[in-house]
Amino acid sequence: MEKSRFIEHLKNYPHLYEFEEKKNNGYSGVLVRDKEYHTLTFFTDEAISEGEIVDLLKHTHHGRNVEWISRVTGYFSKINSWNKGKKAEFKDRYRESI
């Protein structure tokens, strides 16, 4: 991928990403701030040229894009849609290892 194309993509999503072109330890590249996951990721020019946009942006999550689900009375639901009280109750539950 071309660096200019990567930067153009980031510009199209200002609500998700901030970026700046800079040098880091002698390598030129792009420092990307992911606003949703509150992470900073430095992409070298070489990494950008060898990668695809989807794969590059996955690296900005730093493993924080995990969804928790729970099974309650036979139904699965995403925990991130629960209110504060229900999340606190979930945190206090006893868990049995199998």
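The values are calculated or read from the model by the stated rules, or taken from the named source; none is laboratory data. Since this is a predicted model, take the numbers as computed values, not measurements. Methodologically, a virtual Cβ is constructed for each residue, glycine included, from the backbone with ideal geometry; neighbour enumeration extends over all protein chains shown.
In the range 18-48, which residues are loosely packed, with under 13 Cβ neighbours inside 10 Å, among the small types (Gly, Ala, Ser) and at pLDDT 95 or above?
Ser28
Checking Phe76 against (1) aromatic (Phe, Trp, Tyr); (2) assigned to a strand (DSSP E or B); (3) surrounded by 14 or more Cβ atoms within 10 Å (Cβ to Cβ), which single condition isn't satisfied?
(3)
Name the one entry in His15, His61, His9 that is surrounded by fewer than 12 Cβ atoms within 10 Å (Cβ to Cβ) and either modelled with pLDDT under 90 or of a type outside the set (Lys, Arg) (or both).
Values: His61 fails: surrounded by fewer than 12 Cβ atoms within 10 Å (Cβ to Cβ); His9 fails: surrounded by fewer than 12 Cβ atoms within 10 Å (Cβ to Cβ).
None of the other options fit; the residue is His15.
Return the only residue of Thr60, Thr39 being touching a His at 6+ places or on another chain (Cβ under 8 Å) and among the β-branched types (Val, Ile, Thr). Working first, answer last.
Working: Thr60 fails: touching a His at 6+ places or on another chain (Cβ under 8 Å).
Result: Thr39 is the single residue among Thr60, Thr39 that is touching a His at 6+ places or on another chain (Cβ under 8 Å) and among the β-branched types (Val, Ile, Thr).
Those residues that are part of a helix (DSSP H, G or I) and without any contact (Cβ under 8 Å) to a residue 24 or more places away in the chain, I need them from the range 1-18; list them, please. Give the derivation first.
Initial filter on the range 1-18 (part of a helix (DSSP H, G or I)): 3-11.
Residues satisfying the conditions are Ser4, Ile7, Glu8, Leu10, Lys11.
Scan the range 63-74 and report the pairs whose first residue is closer than 15 Å to Lys86 by Cα and whose second residue is at pLDDT 70 or above and β-branched (Val, Ile, Thr), with Cβ atoms within less than 9 Å and a gap of 6+ or a chain change.
Trp68/Ile79; Ile69/Ile79; Ser70/Ile79
Scan (1) exposed (fewer than 13 other Cβ atoms within 10 Å of the Cβ); (2) outside any strand (DSSP E or B); (3) at pLDDT below 85 for the single condition Phe90 breaks and write down its number.
(1)
Please specify each residue of the range 19-51 satisfying the condition of being under 13 Å from the mean Cα position of the chain (by Cα) and assigned to a strand (DSSP E or B). Break it down into steps so the answer makes sense when it comes.
Of the residues in the range 19-51, the ones under 13 Å from the mean Cα position of the chain (by Cα) are 32-41.
The answer is Val32, Arg33, Asp34, Thr39, Leu40, Thr41.
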